[in-house]
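Let me begin by presenting the structure, written as structure tokens, before commenting on it.
The values are calculated or read from the model by the stated rules, or taken from the named source; none is laboratory data. Keep in mind that what you see is a predicted model, and the values were worked out from it rather than measured. Cβ: placed from backbone, ideal geometry, glycine included. Neighbour counts: every protein chain shown. Only protein heavy atoms, including side chains, enter the accessible area calculation; ligands, DNA and RNA are left aside. Shrake-Rupley method; radii C 1.70, N 1.55, O 1.52, S 1.80 Å.
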Amino acid sequence: GGLRNSFDLAFNDRGDLFTFDSDMEWDLGAPWYRPTRICHLVSGGEFGWRNDAAKWPEYFQDSCGPVLNIGPGSPTGVSFGYRARFPGRYQRALFVCDWTFATIYAVHLEPKGASYTATYEEFVGGSGLPVTDLTFGGDGAMYFIVGGRRLGSAVYRVRYRGGKSTAPVVASGLDPSVEQLRSLRLQLEQFHGLESELAADMALPNLDSEDRAIRFAARVALESQPLENWRSRVLASQPAPLTGLLAMARQGTAEDLTAVAERLAKVDFSKFDASWQRQSVLRTLELCAARGDDVTREAVRVALKRPIEGFQSQEQSIQRELARLMCYLGHDQAIDVLLAHMESDSGQRPTLGKVGFERNAKYGESVKDILVSAPLVSRMHDAQMLVWISSGWTPRQRTRYFELMADAVRNSKGGYWYTEFWSRIREAALDQIPEDGRAAVEAIPLTVDDSEDAALPLPAGPGRKWTTAEILAAAKNSLQGRDFANGQRMYSAAKCVMCHRLGAEGRSLGPELTQVGQRFKIKDIVEATVEPNKAISDQYAVTIFLTLDGKTVTGRVISRDSDFVTIAANLERPSQTTKLAVAEIEEEFVSKVSTMPTELLDNLNEQEVLDLLAYLISAGKSTHPVFAQ
């Protein structure tokens with residue numbers, strides 16, 4: 001469980017299963033954003049996907065972490081290269097397709113303990129290559145296909161031409177210690193979902209293994225057994241088995257949860273050498289607080305005393321979970337500590353992967369690097385946690401809290417939902433304040449007045465009624481030596497900036513355009529701009545609902561189940577939704593008219609159109625070859 005949207009999967013030659021799982025690009029800049037990632041799909045695996053802020057961070061010790069984080073993208077097909085007539089390194093690679101960034105990565109997996117570690121590199125990439133799937137033919141070549149979203153489809157072949165040997169590589173034996181751990185994991189997995197008198201004896205000695213995959217397999221094996229078979233053994237063990245206490249916090253009664261919290265209160269938090277141990281303690285206390293009663297929560301407060309004393313010196317993951325617990329339990333220091341922490345957050349880029357992504361590095365900074373402009377990730381986390389505290393605020397603290405949220409929205413950017421997440425936090429915080437005390441903080445606006453239209457630059461013109469064919473004809477020999485500054489200016493003049501992010505420019509109401517030059521050919525970009533109704537992305541399509549009582553409801557479908565359809569009627573505020581009962585719907589159909597206007601380029605002259613087109617395919621980078629003089 002807990003995968004977001006895995007398009008494909010593949011077994012390696014040892015029988016282990018892997019997938020390339022999706023991110024949610026609208027979450028970029030939020031503390032719960034998770035990049036696309038390579039996952040080793042183990043027995044009983046839980047990968048933590050939930051909607052929005054409910055996602056589990058990868059350090060939760062009752063989840064499986066990824067083998068490798070890659071970054072923003074859109075995973076499609078995956079395949080191992082065992083049949084490839086490529087040099088040996090690539091015969092053993094896992095090849096994964098990224099539709100958004102028009103790239104096939106070669107992922108080099110290395111056994112590590114009971115699981116794997118990995119690095120990756122770009123194997124195939126280029127503009128106009130929205131890759132959807134790949135395979136290897138009997139001739140040893142790679143075959144991949146491109147297309148999707150009404151783009152032109154084509155099949156490509158990749159062959160090796162060089163002096164390195166392409167003779168089949170025989171898998172080498174594993175290091176004995178790695179083989180032993182992998183064998184142990186498989187033995188533990190035999191007890192997953194199966195009651196056995198042998199399970200506890202096998203699991204208990206391995207609960208606090210240094211190897212995360214062993215800890216996970218041992219806990220799932222233990223939790224598959226009746227609690228009475230292992231409760232007393234966990235509580236009596238010396239030293240306290242942290243993963244065993246985590247299992248009790250997940251499975252135990254109210255009395256068990258109190259006993260777990262009391263046991264953790266005797267542990268010296270500062271003596272742990274490994275981050276996973278501190279993370280396990282806090283995750284266990286969270287489960288005790290959430291599942292337990294008031295007696296349990298009081299025991300959790302006692303257990304938190306020493307960890308909170310060292311808040312400022314802890315790594316980010318520990319600070320986040322301490323903030324979660326402090327606010328949930330209404331700790332008396334929470335407001336002061338977290339306001340100071342919010343003020344100290346000057347912005348950070350999200351972690352995109354263990355290995356740097358250097359696509360188009362010759363043009364300057366990474367394309368993925370400019371997708372997010374220093375979002376205030378820690379500040380958003382702390383602000384969200386403080387919503388739990390409804391009393392004990394001074395007027396000065398309240399004012400500073402709302403000022404820090406407003407500052408974040410005005411001076412940092414993230415994905416499509418970034419501003420909306422801040423808006424939700426602000427609205428929830430306002431709901432905690434009695435009506436007669438809201439006026440002062442309600443006067444602190446979250447966003448500036450949106451009168452951007454008046455500030456947009458004007459094109460020189462004269463314009464004309466542009467067609468796709470005319471622009472393509474003009475661009476055929478003229479997309480070189482273009483004017484970067486003018487292209488950037490036309491991005492605003494043509495109002496693209498009002499709805500689309502490109503690098504650090506623009507808003508996130510429509511599709512992200514930073515990578516448009518990689519995924520689409522020039523013809524596709526021009527056609528989508530001049531004829532937006534020709535192909536409307538299902539992510540941004542508008543649905544029209546006719547109800548039984550004669551009303552018409554129009555908006556973007558956010559979610560639906562058997563009872564309700566959730567609709568965002570205001571495309572500029574996608575989190576402001578309306579629920580429509582399925583039983584009330586008489587008819588529905590997807591609008592064939594795009595929300596994007598059709599005449600955006602008609603005020604621009606030819607040189608302005610070409611500079612804008614160059615700006616679009618450059619990902620907003622002045623060092624792109626189209627601007628070389």
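In the set (1) in contact with a Leu (Cβ under 9 Å, 6 or more places away or on another chain); (2) of a type outside the set (Phe, Trp, Tyr); (3) under 23 Å from Gly517 (Cα atoms); (4) in a loop (DSSP other than H, G, I, E, B), the condition left unmet by Leu129 is number (1).
I'd like the full set of residues that are exposed (fewer than 14 other Cβ atoms within 10 Å of the Cβ) and either touching a Pro at 6+ places or on another chain (Cβ under 8 Å) or under 17 Å from Leu227 (Cβ atoms) (or both), limited to segment 171-197. Hits for segment 171-197 are Asp175, Gly193, Leu194, Glu195, Glu197. Of everything listed in (1) open to solvent by 30 Å² or more (accessible area, probe 1.4 Å); (2) modelled with pLDDT under 90; (3) in a loop (DSSP other than H, G, I, E, B), the single unmet condition for Gln312 is (3).
The rows are residues; the columns are (1) out of contact with any His (no Cβ under 9 Å at 6 or more places or on another chain); (2) modelled with pLDDT of 95 or more; (3) open to solvent by 30 Å² or more (accessible area, probe 1.4 Å).
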| site | (1), (2), (3) |
| --- | --- |
| Gly1 | yes, no, yes |
| Leu9 | yes, yes, yes |
| Ser22 | yes, yes, no |
| Leu28 | yes, no, no |
| Arg37 | yes, yes, no |
| His40 | yes, yes, no |
| Ser43 | no, yes, yes |
| Gly48 | yes, yes, no |
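In the condition set (1) in contact (Cβ under 8 Å) with a residue 40 or more places away in the chain; (2) under 22 Å from Ala114 (Cα atoms); (3) surrounded by fewer than 20 Cβ atoms within 10 Å (Cβ to Cβ), Asp52 is compliant with all but (2). Cβ-Cβ under 8 Å, sequence separation 6+ or interchain: first residue in segment 328-344 and at negative phi, partner open to solvent by 50 Å² or more (accessible area, probe 1.4 Å) and of a type outside the set (D, E, K, R). Which pairs? The qualifying pairs are Tyr328/Ala290; Tyr328/Trp388; Asp332/Gly392; Ile335/Gly392. When segment 134-168 is filtered for residues that are at pLDDT below 95, open to solvent by less than 80 Å² (accessible area, probe 1.4 Å) and within 30 Å of Tyr540 (Cβ to Cβ), the ones remaining, listed by number, are Val146, Gly147, Gly148, Leu151, Gly152, Ala154.
Filter segment 63-99 for residues that are of a type in the set (D, E, K, R) and more than 19 Å from the chain's Cα centre (by Cα) and give the result. Within segment 63-99, Arg83, Arg85, Arg89, Arg92 qualify. One residue alone among Thr100, Thr117 is of a type in the set (Val, Ile, Thr) and assigned to a loop (DSSP other than H, G, I, E, B), and that residue is Thr100. If you filter segment 378-412 down to residues that are among the β-branched types (Val, Ile, Thr) and assigned to a helix (DSSP H, G or I), you find that the one that is nearest to Ala334 (Cα to Cα) is Thr399. Here segment 68-112 is the region considered, the condition is being within 15 Å of Val169 (Cβ to Cβ) and of a type in the set (Ser, Thr, Tyr), and the residue that is least open to solvent (accessible area, probe 1.4 Å) is Tyr90.
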